[in-house]
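Each remark here refers to the structure printed beneath this line.
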Amino acid sequence: MINDLGSLPKPAASPPVFDDPHGHRRRIVTVAGVVVGLLCLCVLAIGGSVLYADPQPPATHPAEAVEAPPLPR
């Protein structure tokens, strides 16, 4: 019985699913991942700058500064 199981023909080796001998796909996927990651960081930075923007920015003209009420302490 054991001899019968050991003598069964072995299936032929199938080619690898991702046959990439020169690494082109890996480079493309890596570059795409880096680009997506940088875009996510840019979106987070822009969102953070919008959320933490000063609602009353400093005066740009001296006339605005003179007419502005004094700052609370």
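Numbers for the structure displayed
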| item | result |
| --- | --- |
| Failed condition for K10, given (1) of a type in the set (K, R); (2) loosely packed, with under 10 Cβ neighbours inside 10 Å; (3) at pLDDT 75 or above | (3) |
| In the range 20-49, residue modelled with the lowest pLDDT [restricted to those that are in a loop (DSSP other than H, G, I, E, B) and either open to solvent by less than 100 Å² (accessible area, probe 1.4 Å) or among the hydroxyl-bearing types (S, T, Y) (or both)] | D20 |
| Any hit, the range 50-73, residues being modelled with pLDDT of 85 or more and not aromatic (F, W, Y) | no |
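The values are calculated or read from the model by the stated rules, or taken from the named source; none is laboratory data. Because the structure is a prediction, the values reported are computed rather than measured. Here the Cβ is made from the backbone with ideal geometry for all residues, glycine too, and neighbour counts use every protein chain on show. Surface accessibility is based on the protein's heavy atoms, side chains included, excluding ligands, DNA and RNA. Shrake-Rupley method; radii C 1.70, N 1.55, O 1.52, S 1.80 Å.
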